[in-house]
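Participant: Sharing a structure here in structure tokens format.
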Amino acid sequence: MVRVSPSQQFFLIVSPEHRARGGPPAEWWLDDYFRWLGQPYYLALLSAASTYGSSPQALQVTQVITGSPRRALDIGQIRVVFFVKRRIETTPTQALANAYAPLKVSTPAATVFDLVRYADRIGGIGRAVETLRPLLPRIGQLELRAVLKAEDEAATAQRLGYVVEKSGRARLAAVIDDWLPARRREISLATTDDRRSVELLAERWRVRDNSREFDP
């Protein structure tokens, strides 16, 4: 057996085939772990996208969103990192299909929203965009509208709307446009880049693409 954290009495049974990595895959025990903690969670971001078949780059960690700050878990070669969302209970999730063990994962629409929201912590807006694009055909208009209402973050919705429109998904872009307030403050696409004044403003979204992600 292996202890998940030195400060917690939660143990994993390590079978011979997982001994080299230090423990079983995180997806096998995360649900039990958070039930033991009594805390909400869901598999998120790049990890969630990979369950839907979108993983442009190799993922070295498991990414989980929960309701309060937690230190990363390192178990042998397995690393689980946590992101905080205060209103986590409102985010649409679903059970991971054909999983070895129960596991909550964000829906495709919630996943693309989170990818934009946390872009600066997962490798930048470029990585978020290349990951979310393959998910867009999976998203229905009603599902997207439900996520916008649940998350209620205009700035993230503006950025997502710009990305979705640039990705050629006019109907999904229209859903975001309809949800947003008529008056929108001007924002930059990449929150970690201060290049603001030289970029053309996308009037519909009030977004400046300071990332140059969609340059011709």
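Participant: For residues that are among the acidic types (Asp, Glu) and within 19 Å of residue 72 (Cβ to Cβ), scanning just region 107-131, find the one that is nearest to the chain's Cα centre (by Cα).
Facilitator: The extreme case among them is 114.
Participant: Name the helices (runs of 4 or more DSSP H) wholly inside region 107-208 in which the number of residues that are under 30 Å from residue 60 (Cβ atoms) is 1 or more.
Facilitator: By residue number, 108-117, 125-132, 141-151, 154-166.
Participant: Here's another thing I want to ask about it. For residue 181, all conditions in the list (1) crowded, with 18+ Cβ neighbours inside 10 Å; (2) under 16 Å from residue 205 (Cβ atoms) hold save one; what is the number of the exception?
Facilitator: Here residue 181 clears every test but (1).
Participant: Within region 130-169, track down each residue that is under 20 Å from residue 200 (Cβ atoms) and either in contact with a Pro (Cβ under 8 Å, 6 or more places away or on another chain) or surrounded by fewer than 22 Cβ atoms within 10 Å (Cβ to Cβ) (or both).
Facilitator: 155, 165, 166, 167, 168
Participant: Out of region 5-39, which residues are surrounded by 12 or more Cβ atoms within 10 Å (Cβ to Cβ) and of a type in the set (D, E, K, R)?
Facilitator: Scanning region 5-39 gives 21, 27, 31, 32.
Participant: A follow-up question, please. Restricting to region 21-41, name every residue that is under 13 Å from residue 2 (Cβ atoms) and outside any helix (DSSP H, G or I).
Facilitator: Once the filter is applied, which keeps residues that are under 13 Å from residue 2 (Cβ atoms) and outside any helix (DSSP H, G or I), region 21-41 yields 21, 22, 23, 24.
Participant: Now for a separate question. Quick one: would you say residue 69 is surrounded by 18 or more Cβ atoms within 10 Å (Cβ to Cβ) and either assigned to a loop (DSSP other than H, G, I, E, B) or of a type in the set (S, T, N, Q) (or both)?
Facilitator: No, not satisfied.
Participant: Among the listed residues 102, 92, identify the single one that is touching a helix residue (DSSP H, G or I) at 6+ places or on another chain (Cβ under 6 Å) and modelled with pLDDT of 95 or more.
Facilitator: Only one candidate passes the filter, namely 92.
Participant: If I ask for residues that are under 10 Å from the mean Cα position of the chain (by Cα) and either assigned to a helix (DSSP H, G or I) or farther than 24 Å from residue 142 by Cβ (or both), which ones from region 76-106 would you list?
Facilitator: Once the filter is applied, which keeps residues that are under 10 Å from the mean Cα position of the chain (by Cα) and either assigned to a helix (DSSP H, G or I) or farther than 24 Å from residue 142 by Cβ (or both), region 76-106 yields only 83.
Participant: Do we find that residue 192 is touching a residue at least 40 places away in the same chain (Cβ under 8 Å), surrounded by fewer than 15 Cβ atoms within 10 Å (Cβ to Cβ) and not hydrophobic (A, V, I, L, M, F, W, C) in this structure?
Facilitator: Criteria met by residue 192.
Participant: Within region 30-43, how many residues turn out to be within 13 Å of residue 100 (Cβ to Cβ) and more than 20 Å from the chain's Cα centre (by Cα)?
Facilitator: Going through region 30-43 one residue at a time, the tally reaches 1.
The values are calculated or read from the model by the stated rules, or taken from the named source; none is laboratory data. Only a predicted model underlies this, so the values are computations on that prediction, with no experimental measurement involved. Cβ coordinates were reconstructed from backbone atoms using ideal geometry, including for glycine residues, and neighbour counts include every protein chain displayed.
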